[in-house]
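Visitor: Got a structure here, written out as structure tokens. Questions coming.
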Amino acid sequence: MSQQVRVRFAPSPTGPLHIGGVRTALYNYLLARKLGGKMLLRIEDTDQNRFVQGAEEYILSSLQWLGIEIDEGVGVGGPHAPYRQSERSAIYQQYAQQLLNEGKAYYAFDTSEELDAMRQNFESQGSAFQYNALTRTRLKNSLTLSAEEVQAKLAAGEPYVIRLKVPAKEEIRFKDLIRDWVHVHSSTIDDKVLMKSDGLPTYHLANVVDDHLMEITHVIRGEEWLPSAPLHVLLYRAFGWEATMPQFAHLPLLLKPEGNGKLSKRDAELGGFPVFPLAWNAPDGTKAIGFREEGYLKETLINFLAFLGWNPGTEQEMFSMEALVTAFSLEKINKSGAKFDIQKAKWYNEQYLRLRSDESLAAEFLTAYESDKALKIVRLFKERVTFPQQITTEAQALFVAPESYDAAVVAAKWNDDAKKGIAAFKEALVSLDDFSADAIKHTLADTLTSLGIKMGKVMQALRLAVTGVGAGPDLMLMMEIIGKEGVIARLDKALQTL
Ligand code: GLU
């Protein structure tokens, strides 16, 4: 039976979704689409201390903005609902009970003071304390207490956790699709808590139970979860689910722009670049900038993120979501960390801005102008900016006459020929009815020809008179957008003051 591929993105709503999380979501989505599988969204919110209001909505909006579609899960529903772990407590309790019944897990009643004392004791002897096969026999748990004592404690409502009884000597071996074989010995793993004293599961238990029940075939997640994977394998084994255990793929870290060490929020602050897809306003008042608000197009972010850890093995750099789906494969994901180079993101943004139609940019970013004018403005600046909002800024500047003139251009280009030519050109404009870039250009050419002055001698001076500087986009189109009155006024002013 060929199995349908089922992947999941399983974020915890502990704050805004970090860009590394977005990449994880993207790779899961690409694999699902490539193999005709299903993409699930599960919210892992069993850690009440770390829950942040608004984080789930933020995750959903981010995925939606980027076009990472969810087939099953929070916000969509599906056959394995609920997909929010906080609504699945009864399920985890049932599975923890199963492990207790089978002697694969046990109750532990040690208080945090007792465990702290243990830790200090170990440290004073130069070793580190682990709750494991060696120490569990000396601690307060259902392996050392009598059944009656345990029952009495439970009946009295004494706080407890449920721990996995990690086997003392077992070889754990699994094949990570990116890192190849991983070997770990069970003696290096402590008896992890599966159920906390608040009655909620830990990440490990909930994650494994859900991946099993939701029939996940591939667990694709960040490298920071690699150390948890051997424990997860032990859990699958304890439940008797090892035969249908998902395949693991741990994605490479995102590294600092210089390439040394993990990308941090501080790197982003120093570099002035975002590490979150959308701007974030936390309930406690903290704020963070987002790619969307900074003017990065969604096409940019998708393409940029896809290349942070993956490459197609060809020279091609521009990939739409569709093209990524076709080209993507887990085999081409790198083992080594990916340098977060914001310059590359800017480069992508310039490319995608140019690929956008004038109409769509005008409609999205230049709503302050009537559509005809908005289109012309887009045409004027699209090729010259990195972010769409720079078009708006440039547009605003276009409608303000220059206050001063670039002295170097004045010295080099503002000569008698230029003045004579510009004065005559101004007169000719007065009677020009069709104030289009083409007509303006013809008028200029005719005027200069009749005076015997070469176009090249006047162009920069004319630009100086109209804009105050010596370089910029298509001057004829600029004049058309500024309009006849505006242009004549600017030429007058230049002729009088320079
Ligand atoms: N809830 C975990 C996270 O926040 C999920 C890790 C996993 O994919 O297993 O990243």
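The values are calculated or read from the model by the stated rules, or taken from the named source; none is laboratory data. In this text, all values refer to a predicted model and were calculated from it rather than measured experimentally. Please note: Cβ atoms are built from the backbone with ideal geometry, for glycine as well, and neighbour counts cover all protein chains shown. Surface areas here come from the heavy atoms of the whole protein model, side chains and all, with no ligands, DNA or RNA. Shrake-Rupley method; radii C 1.70, N 1.55, O 1.52, S 1.80 Å.
Visitor: Among the residues of the range 171-220, count how many are open to solvent by less than 10 Å² (accessible area, probe 1.4 Å) and among the charged types (D, E, K, R).
Guide: 4
Condition check ((1) touching a strand residue (DSSP E or B) at 6+ places or on another chain (Cβ under 7 Å); (2) modelled with pLDDT of 95 or more; (3) acidic (Asp, Glu)) across all residues:
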position	(1), (2), (3)
Leu41	yes, yes, no
Gln48	no, no, no
Gly67	no, yes, no
Ile70	yes, yes, no
Arg88	no, yes, no
Glu113	no, yes, yes
Ala117	no, yes, no
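Visitor: Suppose we filter the range 279-295 for residues that are within 11 Å of the chain's Cα centre (by Cα) and open to solvent by less than 10 Å² (accessible area, probe 1.4 Å); how many remain?
Guide: Count: 2.
Visitor: Take the range 10-50 and flag every residue that is buried (at least 19 other Cβ atoms within 10 Å of the Cβ), among the hydrophobic types (A, V, I, L, M, F, W, C) and free of Cβ contacts under 8 Å to residues at least 40 places away in the same chain.
Guide: Selection gives Ala32, Met39.
Residues checked against (1) touching a strand residue (DSSP E or B) at 6+ places or on another chain (Cβ under 6 Å); (2) at pLDDT 90 or above:
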site	(1), (2)
Pro227	no, yes
Leu234	no, yes
Ala238	no, yes
Thr244	no, yes
Ala249	yes, yes
Leu253	yes, yes
Asn260	no, no
Leu263	yes, yes
Arg266	no, no
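Visitor: Which one is nearest to Leu477 (Cα to Cα) among residues in the range 437-459 that are open to solvent by less than 30 Å² (accessible area, probe 1.4 Å) and of a type in the set (Gly, Ala, Ser)?
Guide: Ala437
Visitor: Can you give me the ranges of the helices (runs of 4 or more DSSP H) entirely in the range 322-393 with at least 3 residues that are within 19 Å of Phe304 (Cβ to Cβ) and of a type in the set (D, E, K, R)?
Guide: Per the criteria, 342-355.
Visitor: Of the residues that make up the range 114-126, is at least one within 26 Å of Ala229 (Cβ to Cβ), free of Cβ contacts under 8 Å to residues at least 60 places away in the same chain and either open to solvent by 20 Å² or more (accessible area, probe 1.4 Å) or in a helix (DSSP H, G or I) (or both)?
Guide: yes
Visitor: Are any residues in the range 30-47 part of a helix (DSSP H, G or I) and away from the ligand (no atom under 14 Å from the Cβ), and if so, which ones?
Guide: Leu30, Ala32, Arg33, Lys34
Visitor: Is it the case that some residue within the range 57-72 is among the acidic types (Asp, Glu), within 22 Å of the chain's Cα centre (by Cα), within 12 Å of the ligand (Cβ to nearest atom) and closer than 27 Å to Asp284 by Cα?
Guide: No, the range 57-72 has no match at all.
Visitor: A further question on this structure: Would you confirm, using the coordinates I've provided, whether Asp417 is in a helix (DSSP H, G or I) and open to solvent by 20 Å² or more (accessible area, probe 1.4 Å)?
Guide: Yes: the conditions hold for Asp417.
Visitor: Among the listed residues Gly15, Gly103, which satisfies the condition of being within 13 Å of the ligand (Cβ to nearest atom) and outside any helix (DSSP H, G or I)?
Guide: Gly15
Visitor: Moving on to the next point. Keeping to the range 201-224, report how many residues are more than 26 Å from the chain's Cα centre (by Cα) and either assigned to a strand (DSSP E or B) or modelled with pLDDT under 95 (or both).
Guide: Qualifying residue count for the region: 1.
Visitor: So which residues in the range 221-246 are of a type in the set (Ser, Thr, Tyr) and either open to solvent by 10 Å² or more (accessible area, probe 1.4 Å) or within 12 Å of the ligand (Cβ to nearest atom) (or both), if there are any at all?
Guide: Ser228, Thr244
Visitor: Then there is this: Taking the stated definitions as given, is Arg266 within 13 Å of the ligand (Cβ to nearest atom) and under 25 Å from Lys339 (Cβ atoms)?
Guide: no
Visitor: What pairs come up if the first residue lies in the range 217-246 and is hydroxyl-bearing (Ser, Thr, Tyr), the second is within 11 Å of the ligand (Cβ to nearest atom) and at pLDDT 95 or above, and their beta carbons are under 8 Å apart, counting only those six or more places apart or on different chains?
Guide: Close Cβ pairs (under 8 Å, with a partner that is within 11 Å of the ligand (Cβ to nearest atom) and at pLDDT 95 or above) amount to Thr217/Val7; Thr217/Pro246; Ser228/Tyr203; Ser228/His204; Tyr236/Val208.
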